[in-house]
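The next block holds one structure in the form of structure tokens; read it before the comments.
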Amino acid sequence: MKKGLKNPAVISAVASSPQGQKAIGDALNNANETIATTRSIAKNLFWLTVIVGTGYVGYKVFVNRFSAKSYDLRYRPATISSTVAKAKADAIYKAMYGIGNGFNIVVQNLKGLSHNDFIKVYNEFGGRKGIDDVFQRMNLIEWFTDQFNSGELLRLRLLVPNSF
């Protein structure tokens, strides 16, 4: 014969006693409370994640938005078309993106531009993604300061005075 709680007769007697019924009821209540608390925590964590994630994406979009520059009426109007400005912006981006900074290609594309021509190229360049961060978008001037040393920046500033 089995001894202790392994004996089905003892288990039946303990479970049917008032103390046994109270112990079973307490165990069920504890289990139900634990499940309810776990559900509540999971629900709160889900909504916290949604709120924080939405806030982060909103912050990145706000911080990395592009603001077009307006033309400066103190200088002569832009003489290049939007198509030419877009082609120059694309060529500059391709030169700077990846290995090396493509300084000579950038110089070739900026040569002969007036102040408002540069603004047109800047606006066509817009905000373009960098190599290091998926969310980061940099405008043309930010790309220049990221890619070029102070001597190269000075040379670019002399090509298009008062532009950046």
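The values are calculated or read from the model by the stated rules, or taken from the named source; none is laboratory data. These numbers were taken from a predicted model, which means no experiment stands behind them. All Cβ positions, even for glycine, are placed from backbone atoms using ideal geometry, and neighbour counts span all protein chains on display. In case anyone asks, the SASA skips ligands and DNA or RNA and just uses the protein heavy atoms, side chains included. Shrake-Rupley method; radii C 1.70, N 1.55, O 1.52, S 1.80 Å.
Among the numbered conditions (1) surrounded by fewer than 17 Cβ atoms within 10 Å (Cβ to Cβ); (2) basic (Lys, Arg); (3) at pLDDT 90 or above, tell me where Lys120 comes up short.
(1)
Quick one: Tyr56 ticks every box in (1) at pLDDT 95 or above; (2) open to solvent by 20 Å² or more (accessible area, probe 1.4 Å); (3) of a type in the set (Ser, Thr, Tyr) bar one, so which box is it?
It fails just one condition, (1).
Could you list, in sequence order, all residues of segment 65-108 that are open to solvent by less than 50 Å² (accessible area, probe 1.4 Å) and more than 16 Å from Trp143 (Cα to Cα)?
Asp72, Ala78, Ile80, Ala85 - these are the residues of segment 65-108 that are open to solvent by less than 50 Å² (accessible area, probe 1.4 Å) and more than 16 Å from Trp143 (Cα to Cα).
How many residues does segment 138-164 hold that are open to solvent by 40 Å² or more (accessible area, probe 1.4 Å) and among the hydroxyl-bearing types (Ser, Thr, Tyr)?
2
Quick one: would you say Lys94 is closer than 20 Å to Pro161 by Cβ and under 31 Å from the mean Cα position of the chain (by Cα)?
No.
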